[in-house]
2 protein chains.
Amino acid sequence: MAEKYIELDDLRFILEEVLDLSPVIGHEKYQEYDLENIQMMLDSFKEFSDRELFPYSTEMDTKPVYFKEGQIYVHPHIEKVNAGLAEMGWFGAMFDYENHGIQMPMTVYRAIDLIMNAANNSAPGYALLTAGAAKLIITFGSQELQDTYVEKMANGEWMGSMCLTEPQAGSSLSDIKTSASDNGDGTYNIEGQKIFISGGDMQFTDNVIHLTLARIEGAPAGTKGISLFVVPKNRLTADGGLEYNDVQSIAEFEKVGQQGFATVHLGFGGKNDCKGWLVGEPGRGLQYMFQMMNGARIGTGVMGAGIASAAYQASLQYANERNQGRKLNKSGVKDATTEQISIMNHADVRRMLLLQRAVTEGSFALILECSRYFDLEHLAEGEAKHDYELIMELLTPIVKTYPAEQGQTSVSNGLQVLGGYGFTMDFPLQQYYRDIRIMSLYEGTTGIQSQDLLGRKMTMNKGRALKLFGKEVYAVINEAQGYEDLKGHANDLDEAFKTLEATLAHLFPNAAAGDFETFLADANVMMELFSTLVIGWQWLKMGVAAKKALNAGATKRPKAFYEGKLLTLRYFYKFEMPRIASCAVTLTNTDMLTIKGEGEELIL
Amino acid sequence: MAEKYIELDDLRFILEEVLDLSPVIGHEKYQEYDLENIQMMLDSFKEFSDRELFPYSTEMDTKPVYFKEGQIYVHPHIEKVNAGLAEMGWFGAMFDYENHGIQMPMTVYRAIDLIMNAANNSAPGYALLTAGAAKLIITFGSQELQDTYVEKMANGEWMGSMCLTEPQAGSSLSDIKTSASDNGDGTYNIEGQKIFISGGDMQFTDNVIHLTLARIEGAPAGTKGISLFVVPKNRLTADGGLEYNDVQSIAEFEKVGQQGFATVHLGFGGKNDCKGWLVGEPGRGLQYMFQMMNGARIGTGVMGAGIASAAYQASLQYANERNQGRKLNKSGVKDATTEQISIMNHADVRRMLLLQRAVTEGSFALILECSRYFDLEHLAEGEAKHDYELIMELLTPIVKTYPAEQGQTSVSNGLQVLGGYGFTMDFPLQQYYRDIRIMSLYEGTTGIQSQDLLGRKMTMNKGRALKLFGKEVYAVINEAQGYEDLKGHANDLDEAFKTLEATLAHLFPNAAAGDFETFLADANVMMELFSTLVIGWQWLKMGVAAKKALNAGATKRPKAFYEGKLLTLRYFYKFEMPRIASCAVTLTNTDMLTIKGEGEELIL
């Protein structure tokens, strides 16, 4: 069976050799962090994952979350997982000390979350959502709300969730109907239903704090009428006890994958006794919620990359253990009298494994790069802060989508490496194939992310985010030009960037003319083009770091480690980068056939 | 819930307007077939599928085949399905009258099989394998074997299977070990194990006739030492009864999809009492088996296309019923005070649905085109016969692989149309997503098919198959040039064919130099290039037929039907065809990085 789910050295290489972490851990806020204790933290969470997460991955799939008599039941081992995570300070890890946290840089936080999701993608989500919910209260909530909720959430005593989607308003948040009427005592009466609530309830917590979008009576239609509320499952009584706040678990969604992670249908105020507390100002709920959504989007990318990693390790192990077939000799014949060879020797198997590596480690690199931007944004001030924010905004749809979409391709190739066995329940690949499918649906589908990318992120501030991104890309191209082996790839990336610019120059006039339907019709193809370019940038950056390490005598890691990086870089530039040009052909084709014409009801 | 799984008119359009069936049904062998009674047959099997197959699709998934105390148990409804199919003459449908068949042309047979697999892909496989096994006996077996087995198999009384794979010899058939020792009485003593045997056993038949590859003692190593045997589960006694022939069901493979179709681990001769009867000559087993394998490969494509069809119909229904979101106005804003619109109005949803149509109906067209070549091959003589055989050989890996690989993409996009609901067990998309995943593993993985395509089919007879194929392609290009709307597509297909030729001209010298590893390393990418071109050819051919029908006033089907075909053609040429050029870039890149160098053990 699969014995490994992640290669820790891949994360360390990025943290220690690819990214310059010094402006983050050199800052006084993070003075208690250095590369050495970051390594110890990674080791310690890896050890925890080896012991408490990975061994339960299959079981959480085969004994899924279930609903019975008004209660959601998660796998019994979740109790121990959450207790362990609480002990390690994980729930509040990203919070400042004053907010009961351990002030962990986001770059380190995401690296650890990658490890845990690779080990078992059903388990770490509860803590992530709790942290995201508490963080919303910290950022936008009153002191009273903070005093009431943050410590217990940071300790993992209470859980948290984000409540957006409703049955009639999936991706269209402006249509949510959950209502809030002012009780005149600082509370609101909440009524409505929320669906697909990840981590919405479990039997192992005294309380779940739902950060809930609702519409105050009389508020205008659309997103401007949406406010954010804290709605606890159980509310505090005057004597400090808890009483039921009329938040009911109505059902658990039966899903095809990630079956260990609760996805709840919640009813608020079924008995007209559900109280909510307003966060910040009325009408700004969606704006606030974007903090948590952006975090959850990156978290989705982390889950996808984690699953892709576990699948790669399982395929790699199988390929190393399985003998099958022979090579053709000079006459194009196989000599059946010789022993069969390891399938690791077949070019096509190596192609599939390299595809898996390219996607997995490319995703790792982008996730950590963006986490570093996040840290720098929060340390910087003025224009620099704004610039980091812009580049984060531009890359968030990619961090969310690339590991989700290409992660599926990666896992499917991983399953293929095992042949027929990959399709059987005897190996974990079929589970990863099911688990990862949700990632392109969570937190805004790929279609929504693509519209966001092209329609908002690429145009905002007169395209400044894209300009800043271009500077980052060309910094790597210029550095890569200094290495003979990398020059060709540097030229390819340069050409890809020019293709992007030319394609956008073709598309932008539609937006300027107010024809947004034409402008955005093929946004999904732009997502494919741009995300391929982004990961190409990350691979070239890793290639430069690998060359540097080899030229310096490979002191930190074995020579073969760095050669593996360069091999995967070559894979990416031969097999993945050419798609950029074909995407551009599609995007500059002016046959707007997907836009529905009048009277075309019948022709689909 | 989903109400539909196939659009019968899509099949009729191909049979009546795209393909010229007259040389088939005009032949005296098929004098009892004409377009009218073919239509009646399709209707009758559709009605059967509506009643006996489609309503049981979910249940066969949720109550899978299981193994208990030596017996394989399939879903109880399979008994009624098989009885119904037997009554309609389906088991022997493709056999000549003299072989207890109804002499159905393969083109009609595959169209009906498409309907049934779209309705429920777990059920029709038993009949297909039984027919394939019996056909092997008819073609290569002695009169005695034919007299013993064919009638009962053609009646559906006995089932059949193909037994190739063994635990140590998945894709490498030259390594099979199952042994056959001559008993000197016309029988052989069989001993060995076979795995992944589709339809290998069930509780509802008196006998299963296993067409089994084994090695006669003393036979040479490799494929030349392999012979074919009939090995019944129960053998006939002198008095015409049945006695157990020591073929044991050892286990049922638990799979992630197609859970209603048995996949059995069989043991032969565990008690040293398993008899086999040699088919044809010793040492020619694999060669004979290719008849059944080729049939099963096309059958796999049929399953894939059937599932893709069912998924498309389910997505289409959802898209028509679900309201969500609004269009942007001229200022790039959505007016939240207006009603939400049907998601069918969103360009990205239409893109996904058109992708599904393009793959599904493109696969239908190719499957039926190849079935027509099959019929013509069997009616023709001399050089013409050989030419049809060559083109069939060339296209078989495509018919198998395109619906499998692009079918997965298609079904995954179909799931995406439903948003989060697509991931839940409330809709059938998640089942189709699991079911279709096996298609790129069955009957030779995509890797194997790709090696076969480039390494054998494209080079055989000095490339004659490819030349014949080119003639077919240019016949369509030339006809399309006559329609103003189709000229652009005709030019694109012409360019694609030239790209194929240039790419092959780059690759062939490696084969000529005996460097087969370099020649075949990227065969998988050639599969993607070539199969996209092949389906592009089929879509242009359908486009020509649609234009003809429209110009003639759309007498057979509604105008919107033909306009839908032209819309899907435009989709294919805008979104799919550009991949051909990017595949060519990869294939002509001479960085052979997937070929393992010496001493590279550690770098994957």
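Sorted from shortest to longest, the distances between the residue A:71 label points of this copy and the other copies are 4.0 nm, with each point 7 Å from Cα along the line through the beta carbon. Convex hull volume of the Cα atoms of the protein assembly as shown, normalised per residue: 169 Å³. The same position residue B:39 in the other copies lies at 7.8 nm from this copy, comparing label points 7 Å beyond Cα toward the beta-carbon, shortest first.
Across the range A:461-592, counting alpha-carbon atoms alone, Rg and Dmax equal 17.2, 57 Å. Once the Cα atoms are used to define both axes, helix A:347-379 deviates from the longest principal axis of chain A by about 50 degrees.
Rounded to whole numbers, the Karplus 3J(HN,Hα) couplings from phi for the range B:264-281 are 10, 9, 10, x, 10, x, x, 10, 6, 9, 10, 9, x, 10, 5, 9, x, 9 Hz, using 6.51 cos²θ - 1.76 cosθ + 1.60 with θ = phi - 60°, and x at Gly and Pro. Surface exposure of the protein assembly as shown, expressed per residue as accessible area with a 1.4 Å probe, stands at 35 Å². Taking amide H as placed 1.01 Å from N in the peptide plane, the amide H of residue A:255 sits under 5 Å from that of B:425, each at least 5 places away or on another chain. With unit charges on the beta carbons (Lys and Arg positive, Asp and Glu negative) and the dipole taken about the Cα centre of the range A:461-592, which residue among A:561, A:483, A:523 sits farthest to the positive side? In the range A:461-592, that residue is A:561. Amide hydrogen proximity for residue B:250: with H placed 1.01 Å from N in the peptide plane, the residues at 5 or more positions away or on another chain lying under 5 Å are B:265, B:266, B:267. Computed over the alpha-carbon atoms, the range A:42-123 gives an Rg to Rh ratio of 1.03, Rh here being the Kirkwood radius from the mean inverse distance.
Using a probe radius of 1.4 angstrom, the carbon and sulfur fraction of the accessible surface of the protein assembly as shown is 49%. For residue A:27, the accessible area of its heavy atoms, probed at 1.4 Å with every protein chain present, is near 60 square angstrom. Against chain B, whose longest principal axis comes from its Cα atoms, helix B:285-321 is set at around 40 degrees. Placing unit charges on each Cβ (+1 for Lys and Arg, -1 for Asp and Glu) gives chain A a dipole about its Cα centre, and among A:200, A:342, A:159 the Cα reaching farthest toward its positive end belongs to A:342. Listed values for the range A:115-128 are Karplus-derived 3J(HN,Hα) couplings in whole Hz (6.51 cos²θ - 1.76 cosθ + 1.60, θ = phi - 60°), namely 4, 5, 6, 5, 5, 5, 6, 8, 9, x, x, 4, 5, 4, and x replaces Gly and Pro.
Summary of packing: across the peptides B:393-400, B:5-12, the per-residue average of other C-beta atoms within 10 Å ranks them, highest first, as B:393-400, B:5-12. Applying 1/(1 + (r/R0)^6) with r as the Cβ-Cβ distance of residue A:9 and residue A:88 and R0 = 22 angstrom yields a FRET efficiency of 0.50. Counts of other chain beta carbons within 10 angstrom of each beta carbon in peptide A:438-449 average 3. Solvent-accessible surface, computed for protein heavy atoms with a probe of 1.4 Å, shrinks by 50 Å² or more for the following residues of the range A:420-436 when the other protein chains are added to the isolated chain: A:421, A:423, A:425, A:433. Placing a label point 7 Å from the Cα of residue A:386 along the Cα-to-Cβ direction, the residues of the range A:455-484 whose backbone N falls under 12 Å from that point are A:461-462, A:464-465.
If you take all other residues with their beta carbon under 13 Å from the beta carbon of residue B:321, and give Lys and Arg +1 and Asp and Glu -1, the sum is +1.
Each copy carries a label point for residue A:378 at 7 Å from Cα along the beta-carbon vector; from one copy to the others these points are 7.0 nm apart, nearest first.
Report summary: the helix-based calculation at 222 nm, which adds -39500 (n - 2.57) for every DSSP H run with n ≥ 4 and divides by the residues of chain A, gives -17000 deg cm²/dmol. Take the Cβ atoms of residue A:559 and residue B:484, set R0 to 35 Å, and the FRET efficiency comes out at 0.05.
Here's the list of lysines a cross-link from residue A:471 could span, going by alpha-carbon distance under 27 Å and ignoring same-chain residues fewer than 8 apart: A:385, A:400, A:457, A:462, A:487, A:498, A:541, A:547, A:548, A:565, A:574.
Between the helical axis of A:487-512 and the longest alpha-carbon principal axis of chain A there is an angle of about 40 degrees.
In whole Å, how far is the Cα centre of the range A:85-109 from that of the range B:44-103? Cα centroid to Cα centroid, the span is 59 Å.
Between residue A:491 and residue A:290, the modelled labels are 4.2 nm apart [label points 7 Å from Cα along Cα→Cβ].
The range B:235-312 and the range A:132-183 have Cα centres spaced 57 Å apart. Whole-percent P(r), chain B, all Cα pairs, 10 Å bins from 0: 3, 16, 26, 26, 18, 7, 2, 0, 0. Label-to-label distance for residue A:331 and residue A:63 is 6.0 nm, based on points extended 7 Å past Cα in the beta-carbon direction. Any chance you could check the Cα centroid distance between the range B:522-549 and the range B:388-451 for me, in angstrom? When both Cα centres are located, 17 Å separates them. Among residues of chain A, the one whose beta-carbon sits closest to the A-to-B rotation axis is listed with its distance in Å as A:582, 2. Karplus-derived 3J(HN,Hα) values for the range B:9-21, using 6.51 cos²θ - 1.76 cosθ + 1.60 with θ = phi - 60°, are 4, 5, 6, 5, 3, 5, 5, 9, 10, 8, 8, 8, 7 Hz; glycine and proline are entered as x. Between A and B, roughly 8300 Å² of accessible area is buried in total, ligands, DNA and RNA not counted and the probe set to 1.4 Å.
Annotation: amide H of residue B:207 within the under-5 Å range of B:159, sequence separation 5 or more or interchain, hydrogens built in the peptide plane. In a simple Cβ point-charge model (Lys, Arg +1; Asp, Glu -1; nothing else charged), the protein assembly as shown has a dipole of about 1740 debye relative to its Cα centre. Modelled spin-label separation between residue B:185 and residue A:426, with each label point placed 7 Å from Cα along the Cα-to-Cβ direction: 3.6 nm.
The values are calculated or read from the model by the stated rules, or taken from the named source; none is laboratory data. Being a predicted model, the structure only gives us computed values, none of them experimental. Heads up, the Cβs are rebuilt from the backbone with ideal geometry, glycines too, and the neighbour counts pull from every protein chain shown. Keep in mind that these areas ignore ligands, DNA and RNA; they rest on the heavy atoms of the full protein, side chains included. Shrake-Rupley method; radii C 1.70, N 1.55, O 1.52, S 1.80 Å.
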